[in-house]
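Below is one structure, written out as structure tokens, with a few remarks after it.
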Amino acid sequence: MAEIENEIAKSSARSALTNLASKRQFFDNGATLSYAFRIKQLKMLRDAIKKNEHSLIEALHVDLRKSPTEAYISEVGFLLNEIDEAISHLREWMKPKKQGTPLFMEPSRSEIRYEPKGVVLIIAPWNYPVQLAISPLIGAIAAGNCALVKPSEDAPHCADAIEKLIEGTFQRDYISAVQGVGSEIVPELLDNFTFNHIFFTGSTNVGRIIAKQAAESLCSTTLELGGKSPLIVDKSANMKVAAKRTIWGKLLNAGQTCISPDYVLVEESAKEAFIAELINAINSFFGDDPQKSDDYPRMIHDRHFDGVAEYLTKGNIRHGGRTNREDLYIEPTIIDGVSMEDPVMKNEIFGPVLPILTFKTNADILEVVRQNRYPLACYYFGSDKDRERFVLDRIEFGGGAVNNTIMQIANADLPFGGIQGSGSGRYHGWHSFECFSNPKAVISTATWIDPSIRYPPFTAFKRKWLKKFIRF
Ligand code: NAD
């Protein structure tokens, strides 16, 4: 069976490879350079998403049991907003950006021209399978690239829907999709074709493998990875609102969200009040039995279910804890009494389990956070401005929010990405355009004047004035 799967992956890699040569040719012919071409493709993508809205939402339900509302907000609607943003700003983004010119180079004009990188590979994970395959593609199109999109095999219905959408919208020589097992298909692709950029979203471990492979051809990468994102609450917080926003962020996609709060660090004196509000929030969102709620998703597959269920075996369960493997269901669960040595505090949880730890001082906060340093996100709830400044200044993270969760991703004006282990590179809005572009630096100089001072032979007089000029 494994051999057959291997052969299938190899043959689909081979067919994608054949097509990559045509993509290179398509790109080299300059077809993607004009504004008219790019805007047309963006509009075609927007129309295709609208046309396929139902099948995408259906696929998200089958693969992850996402409710239509959640699927629209976090995937389909999210993408439509992002395309609208690109369409409305594309002309301005594509314009060369004028830069200042030092006096000694005058009369000259300096500018940055944003050029497409070329043929790019986009690799997506399973948790927001539609959003994370198509969102980078919007940037790739806007910046004038050809692209190959590899959706996650772990969300197979979404992968089929994405492939269908892409193949039904674009010329294959321009943009296409390839399906298969990532660990087999991607190395085959990278060994046999030199991409101009790889945009990878997924786990830190696989990100490391991709970065190593990309280094062979010195291909640039954007790595959107994972991590343990802390949520810090102190006694100055509005407990009710803090709890609702924490639970909303944690249980979106049943915790399978890269920027969901992974664990809570609450000021010791506020711990019990906060836990009580967290439980109220769970009950008010999903009722006494969340398994019956249409709004509560499931674990993606049994391997992931087993990993998350394992976290329930250590610490004290303060709420939840019920599971059903057949249904891939894990109840929203709050635990305390865990140690930093327990797996739940060592790994990214990526499920509906929320450990509660406490702190008394800012030093305690740093001590905990630095054991899982460089998270993708970080959240602070409270009205203590000193503490807010401390969190924002002293904790290194990709993006975050004060008195909110997740929303940093929804503002296209904010760059999205991680640092160190949680990733490198940024995207969304202008940052997606920038991510898929090479900034070409150009200086154009007038010829009506050509002072001889810059040319040899360098006399003492020239040296004296050159030294002055260069420092001007
Ligand atoms: P994953 O790394 O297992 O897989 C991601 C993609 O890589 C899939 O398409 C897969 O087929 C491919 N892949 C797997 N092994 C490969 C290999 N050896 N070589 C090349 N490609 C390979 O990740 P996942 O389980 O799909 O997603 C969950 C992880 O993604 C979590 O860690 C989460 O935090 C992270 N994530 C990050 C972001 C972000 O924006 N930073 C967003 C979503 C998910």
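Summary of values
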{"read-out": "Within region 196-221, considering residues that are more than 10 Å from the ligand (Cβ to nearest atom) and buried (at least 23 other Cβ atoms within 10 Å of the Cβ), the one nearest to HIS428 (Cα to Cα)", "value": "PHE199"}
{"read-out": "One residue from LEU190, LEU252 being open to solvent by 10 Å² or more (accessible area, probe 1.4 Å), within 13 Å of the ligand (Cβ to nearest atom) and either among the acidic types (Asp, Glu) or within 18 Å of the chain's Cα centre (by Cα) (or both)", "value": "LEU252"}
{"read-out": "Those strands (runs of 3 or more DSSP E) lying entirely in region 210-297 with at least 2 residues under 30 Å from SER183 (Cα atoms)", "value": "220-224"}
{"read-out": "Number of the condition not met by PRO290 [criteria: (1) open to solvent by less than 30 Å² (accessible area, probe 1.4 Å); (2) of a type outside the set (Asp, Glu); (3) within 16 Å of the ligand (Cβ to nearest atom)]", "value": "(3)"}
{"read-out": "Residue check, SER110 of a type in the set (S, T, N, Q), more than 16 Å from the ligand (Cβ to nearest atom) and touching a strand residue (DSSP E or B) at 6+ places or on another chain (Cβ under 8 Å)", "value": "yes"}
{"read-out": "Tally of residues being of a type in the set (Gly, Ala, Ser) and part of a loop (DSSP other than H, G, I, E, B) across region 158-209", "value": "4"}
{"read-out": "Any helices (runs of 4 or more DSSP H) falling wholly within region 1-119 and containing at least 3 residues that are open to solvent by 20 Å² or more (accessible area, probe 1.4 Å) and of a type in the set (Ser, Thr, Tyr)", "value": "2-28"}
{"read-out": "Test for GLN179: is it within 10 Å of the ligand (Cβ to nearest atom), closer than 20 Å to CYS435 by Cα, surrounded by fewer than 23 Cβ atoms within 10 Å (Cβ to Cβ) and not assigned by TED's automatic domain parsing to the domain that holds ILE259", "value": "no"}
{"read-out": "Residue check for GLU388: of a type in the set (Asp, Glu) and open to solvent by less than 40 Å² (accessible area, probe 1.4 Å)", "value": "yes"}
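Conditions tested, residue by residue: (1) closer than 21 Å to VAL266 by Cβ; (2) open to solvent by less than 10 Å² (accessible area, probe 1.4 Å); (3) charged (D, E, K, R).
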residue: GLY307; (1), (2), (3): no, no, no
residue: LYS314; (1), (2), (3): yes, no, yes
residue: ILE317; (1), (2), (3): yes, no, no
residue: ARG325; (1), (2), (3): no, no, yes
residue: TYR329; (1), (2), (3): no, yes, no
residue: ILE334; (1), (2), (3): yes, yes, no
residue: VAL338; (1), (2), (3): yes, no, no
residue: LYS346; (1), (2), (3): yes, no, yes
residue: LEU376; (1), (2), (3): yes, yes, no
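Okay, residues lined up against (1) assigned by TED's automatic domain parsing to the domain that holds ALA243; (2) hydroxyl-bearing (Ser, Thr, Tyr); (3) within 11 Å of the ligand (Cβ to nearest atom); (4) not in a loop (DSSP other than H, G, I, E, B):
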| residue | (1), (2), (3), (4) |
| --- | --- |
| TYR380 | yes, yes, no, yes |
| SER383 | yes, yes, no, no |
| ARG387 | yes, no, no, yes |
| PHE390 | yes, no, no, yes |
| PHE397 | yes, no, no, no |
| GLY400 | yes, no, no, yes |
| ASN404 | yes, no, no, no |
| GLY418 | no, no, yes, no |
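The values are calculated or read from the model by the stated rules, or taken from the named source; none is laboratory data. Because the structure is predicted, anything quoted here is derived from the model rather than measured. Here Cβ is always computed from backbone atoms with ideal geometry, including for glycine, and neighbour counts include all displayed protein chains. Surface accessibility is based on the protein's heavy atoms, side chains included, excluding ligands, DNA and RNA. Shrake-Rupley method; radii C 1.70, N 1.55, O 1.52, S 1.80 Å.
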